[in-house]
Amino acid sequence: GLRSLVFGAVFPVGIILVIFTGAELLTGNMMVDVIDLIHRRSKKTMIGVTRNWILSWIGNFAGALFAAYFLVYQAGLFAAEPYLSAVKGIAEKKVNILLPYQIFLRAIGCNTLVCLSIFCNLAADDVFGKCFALWFPIFTFAAIGYEHSVANMF
């Protein structure tokens with residue numbers, strides 16, 4: 001409904017900030033690193049790529065913990081209603097998905113859209129184009145309800 005559309009419209013701000021600050025997102029790295037390996041565009045090795053993915057995952061997890069604890073919990077952003085109930089509802093829905101294959105399929109759909117946004121961002125020439133390229137696929141996955149490993153860390 002409307003709530004999903006509003007959530008989807010705001011959610012892409014995160015990836016826009018990640019890309020514009022030069023930070024790394026594990027799921028985007030998966031696409032870029034595999035393309036580099038396949039086309040041998042760099043001197044990357046599978047060991048180096050695996051190391052990059054592990055470090056990206058750790059960094060993304062640490063960033064999610066920091067943001068959730070200090071910037072949300074300690075700041076009291078969701079301490080009052082109706083925000084508290086909404087956040088609890090989202091968390092309960094995510095942990096109560098009954099069939100593991102559904103989570104896996106939602107993650108595949110999500111990462112396809114994340115990689116599409118990264119790819120389109122690389123093709124854009126200006127800030128507006130990059131923002132739009134990042135925004136639309138991320139809006140789509142958030143509004144649909146796909147599962148994103150890094151976003152779920154938060």
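The values are calculated or read from the model by the stated rules, or taken from the named source; none is laboratory data. These numbers were taken from a predicted model, which means no experiment stands behind them. Cβ placement follows ideal geometry from the backbone for every residue including glycine, while neighbour counts extend to all protein chains displayed. We work out accessible area using only protein heavy atoms, side chains counted, and drop any ligands, DNA or RNA first. Shrake-Rupley method; radii C 1.70, N 1.55, O 1.52, S 1.80 Å.
Remarks
- The set of residues in the range 1-23 being surrounded by 15 or more Cβ atoms within 10 Å (Cβ to Cβ) and within 14 Å of Ile118 (Cα to Cα) consists of Pro12, Gly14, Ile15, Ile16, Val18, Ile19.
- Meets criteria (open to solvent by 30 Å² or more (accessible area, probe 1.4 Å), not acidic (Asp, Glu) and not in a helix (DSSP H, G or I)) for Tyr146: yes
- Filtering the range 24-47 to residues that are under 19 Å from Ala142 (Cβ atoms) and part of a loop (DSSP other than H, G, I, E, B) leaves only Leu25.
- Whichever residue in the range 32-67 is among the aliphatic types (A, V, I, L, M) and open to solvent by less than 30 Å² (accessible area, probe 1.4 Å) and, among such residues, is farthest from Gly109 (Cα to Cα): Ala67
- Test for Ile108: is it part of a helix (DSSP H, G or I), closer than 21 Å to Gly8 by Cα and of a type outside the set (S, T, N, Q): yes
- Within the range 92-116, residues that are aromatic (Phe, Trp, Tyr) have Cβ atoms under 9 Å from residues that are surrounded by 17 or more Cβ atoms within 10 Å (Cβ to Cβ) in these pairs: Phe104/Glu147, counting only partners at least 6 apart in sequence or on another chain.
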